[in-house]
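Below is one structure, written out as structure tokens; the observations come after it.
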Amino acid sequence: MDELLQQFLIEGPELVQQAGDALLALERRPDDPALVDSAFRAVHTLKGSAGLFDFPPMGLVLHAAEDLLGAIRAGRRAVDRDTVDELVAVIGQTDRWLAAIGSTGTLPEDAGAAAARLVATLRARLSDGPDHPASAGGVPPETDAAWIRTLLSSQGDAALPDGGTLVAVRYLPDRNCFFHGDDPVEIARHVPGLVALRVALQDGQPDLAAYDPFACNLVVELLSSAPLDEVQAAFRFVPDQVQILPVTVPATPAGDGPAGRSTPEATSRSLRVDASRIDALAEIVGELVVAKNGLAELAAQLAGGLDARAAATALADRHATFDRLVGRLHRAVVSVRLVPMTPLLRRFPRLVRETAASLGKEVELVVEGDEVEVDRSVLDGLFEPLTHLLRNAVDHGVEPAEQRRRAGKPARASLRLVARQAGDHVVIEVADDGRGIDPATIRRVAAERQVMGSEALASLPDDAVLDLVFRPGFSTASAVTDVSGRGVGMDAVRTAIGQLGGKVALASQPGLGTTVRLTLPVNLVLAKVLLVSCAGETYGVPMDSVVETARIPKDRLLPVRAGLVFFLRDQAVPLLPLADLLHVPGSVERQEDQLALVIRAGPNLVGIGVDGFLGHTDVLLRPMTGLLATMPGVLGTTILGDGRVMMVLDPVELAG
Amino acid sequence: MTVRLVDGVIRLEGACPVEEAEALLALVQERPDRPVDLSGCRHLHGAVLQVLLAFRPPVQGQSEDAFLRDWILPGLQRP
């Protein structure tokens with residue numbers, strides 16, 4: 001993907017976040033100019049970036065939002081609930097467009113129509129303002145890259161790699177930055193590969209009589225030929241005050257400025273890592289180098305005739321050192337994959353706000369647990385299910401305002417999204433103070449939809465009845481929306497969380513609210529596997545997927561048609577030999593008892609016949625890559641203690 | 001002292017830290033046409049440079065520091 005676009009896709013969501021946070025806070029503190037400023041700056045930057053690419057609808061909408069925010073900033077417009085709603089809608093739309101660009105490289109087809117609607121609303125709000133002639137109704141937004149062009153042209157063509165890539169930086173130091181010990185000149189001095197530099201005053205005509213030497217009024221703009229990350233590193237202490245953009249030097253200097261488009265790579269995944277964690281890794285590597293040198297010294301001593309006992313002691317000593325360092329290295333690497341939940345959690349207040357506004361409800365979302373960290377892949381997989389749960393809570397859990405009043409509850413509903421760490425798991429709770437779920441209603445709907453037999457249904461305790469909302473058959477939107485208030489796509493939530501190795505539980509008190517609890521592993525990387533042998537090979541099977549292991553006496557195996565069945569506590573369980581599933585030549589006819597892994601494939605139990613159980617171990621699972629990635633039934637590979645490569649199987653997929 | 005007044009010329013010497021902005025400001029405000037000599041200067045803190053950019057006193061002398069000479073001084077000598 002084009003680097004410029006890539007950068008935009010990293011920064012865009014952060015800016016959306018910034019704008020959204022500011023807007024939501026603005027509703028509570030409408031007189032806080034800092035919040036208007038923050039929202040304005042974020043929207044302004046987004047608009048400028050959108051203008052660099054070919055996304056006119058996005059530019060138009062942001063331009064209109066910027067105008068409205070500008071009017072608010074200038075005091076020409078008051079902040080009211082409707083205005084915030086409309087601005088939040090713009091931010092929400094931008095967020096969705098960014099996601100679309102990330103996955104397809106372009107805006108969705110309906111973007112033009114959606115943009116026209118939003119712009120019309122925003123302009124209507126602005127049009128009654130005093131000094132806004134119908135500005136820019138359909139004029140494409142100007143790009144904010146004028147400074148880049150000025151810098152480029154200030155250098156003449158000779159200094160610039162024609163058509164090459166440069167990094168452009170605009171650094172607006174904070175007014176108080178001198179007090180924080182920042183020296184913008186010193187920072188600029190350490191930017192590698194400087195091609196152009198301009199240091200000027202932000203406010204070109206400062207009041208000289210009342211000049212404050214310690215209030216920073218500088219702006220630093222520069223171009224560098226160094227790689228993006230090196231330039232970013234130079235500004236690592238002031239990330240909030242800089243705009244860093246890769247730019248392509250136009251082949252003709254008078255051209256339309258930097259621009260670039262390309263198709264996105266579906267596989268590109270970047271990881272933002274706290275610098276201190278990289279420092280920790282570097283430190284360990286340093287110590288490993290020292291330890292390695294210790295081995296050379298030992299080798300020299302051995303060559304010089306060191307006696308065996310002393311050599312053994314020295315070697316054991318060195319081994320202990322390596323053991324400690326490798327352990328630390330492993331922990332450090334695992335921690336690099338851990339990311340704070342903050343960016344994810346902070347997306348939701350806006351989403352809840354948007355959903356609530358569209359339903360005419362008032363809902364306040366309280367988010368706790370910013371500091372909790374999870375593996376990157378867990379975090380990535382959480383957005384969808386959490387979105388689902390929160391939407392459900394707002395849509396179905398929370399009653400309309402008058403109904404709440406009748407029930408003696410505050411009109412503004414309270415929704416809590418809480419994440420906390422519990423050992424090597426994270427627990428995430430979504431709790432509302434809405435109408436709760438009435439087990440009787442669930443029973444009725446379950447009976448109507450024939451989720452299970454009526455006798456079985458009648459014998460279910462109330463706790464278990466709630467669990468029925470996770471049944472695929474239960475979750476048809478219309479039925480559930482009408483009657484119970486929960487359940488839309490709950491099976492999808494359970495599936496998504498299950499894929500992350502987690503569990504979903506539901507608790508509800510009729511009239512008081514519903515709580516959904518997700519329990520997820522912090523790390524996906526280390527997996528507990530059961531080692532089994534089959535046809536002379538060792539395979540791993542994740543412990544999570546094994547219900548139990550069984551030893552079946554030979555005479556209890558019953559042939560049914562072409563297969564075999566055994567009985568496990570009065571339940572008939574088919575037996576599938578693992579060798580058959582893997583298409584490897586099976587072992588010869590066995591004389592002793594048959595060993596089987598019992599797994600759950602869908603609603604049924606399935607036995608997988610193996611030759612032996614070899615214990616269990618923790619493994620670092622490497623996902624299959626390339627051609628092997630599509631191989632069914634294999635989760636990945638791992639290296640055993642003796643150096644052999646072992647395949648870790650997905651028995652559910654194999655048996656399915 | 002890295003900001004000194006020598007024969008009517010303000011001389012910035014060595015690395016000028018943030019505190020020197022105040023001293024330079026006082027000298028510049030006293031007589032805005034006083035020239036500033038940067039030939040002995042190795043670094044200008046942002047606050048110091050900002051005084052020069054705001055008051056635009058005549059600047060003379062070439063710094064031996066390559067960064068100042070190539071990137072900062074041209075911006076100050078421009079009319």
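None of the figures in this text is laboratory data; all of them are computed from the coordinates on show. All values derive from a computational prediction rather than experimental measurement. Cβ sites come from the backbone with ideal geometry, for glycine too, and all protein chains shown count toward neighbours.
Summarising the label geometry, the points placed 7 Å from Cα in the beta-carbon direction at A:Arg600 and A:Thr617 lie 2.9 nm from one another.
Arranged from fewest to most other beta-carbon atoms within 10 Å of their beta carbon, A:Met631, A:Met647, A:Met58 become A:Met631, A:Met647, A:Met58. Simple rule: put +1 on each Lys or Arg Cβ and -1 on each Asp or Glu Cβ in chain A, find the dipole, and look at A:Ile552, A:Val16, A:Gly408; the Cα lying farthest toward the positive end is A:Ile552. Under the shape rule built on the C-alpha gyration tensor, where the axes satisfy a ≥ b ≥ c, chain A is oblate, since a/c reaches at least 1.5 while a/b does not exceed b/c.
Overall size of the stretch A:146-248 from C-alpha positions, given as principal axis extents largest first: 46, 27, 18 Å.
Per residue, chain A reaches -13000 deg cm²/dmol at 222 nm when only DSSP H runs of four or more residues are counted, each adding -39500 (n - 2.57).
Descending by average beta-carbon neighbour count within 10 Å, the peptides A:363-369, A:430-436, A:403-409 line up as A:430-436, A:363-369, A:403-409, the highest first. Here the label points at A:Arg561 and A:Ala78, each 7 Å from Cα along the C-beta direction, are separated by 7.5 nm in the simple model.
Rounded to the nearest 20 debye, the dipole magnitude of the protein assembly as shown is 1360 debye, with +1 charges on Lys and Arg beta carbons, -1 on Asp and Glu beta carbons, and the Cα centre as origin. For a straight C-alpha distance cut-off of 17 angstrom, the lysines reachable from A:Lys361 (same-chain residues fewer than eight places away being disregarded) are A:Lys409. Averaged over the residues of A:192-201, the number of partner chain Cβ atoms lying within 10 Å of the residue Cβ comes to 3. What you get for the stretch A:526-655, charging only the Cβ of Lys and Arg (+1) and of Asp and Glu (-1), is a dipole of about 140 debye around the Cα centre. Highest mean packing first, where packing is the average number of other Cβ atoms within 10 Å per residue, the peptides A:231-243, B:38-50 line up as B:38-50, A:231-243.
Take each residue of peptide B:41-48, count the partner chain Cβ atoms within 10 Å of its Cβ, and average: the result is 6. Estimated translational diffusion coefficient (Stokes-Einstein, Kirkwood radius over Cα pairs, 20 °C, 1.002 mPa s) of the stretch A:341-521: 129 µm² per second. Extending 7 Å from Cα along the Cβ direction at A:Arg644 and again at A:Ala120 yields two label points whose distance is 7.0 nm.
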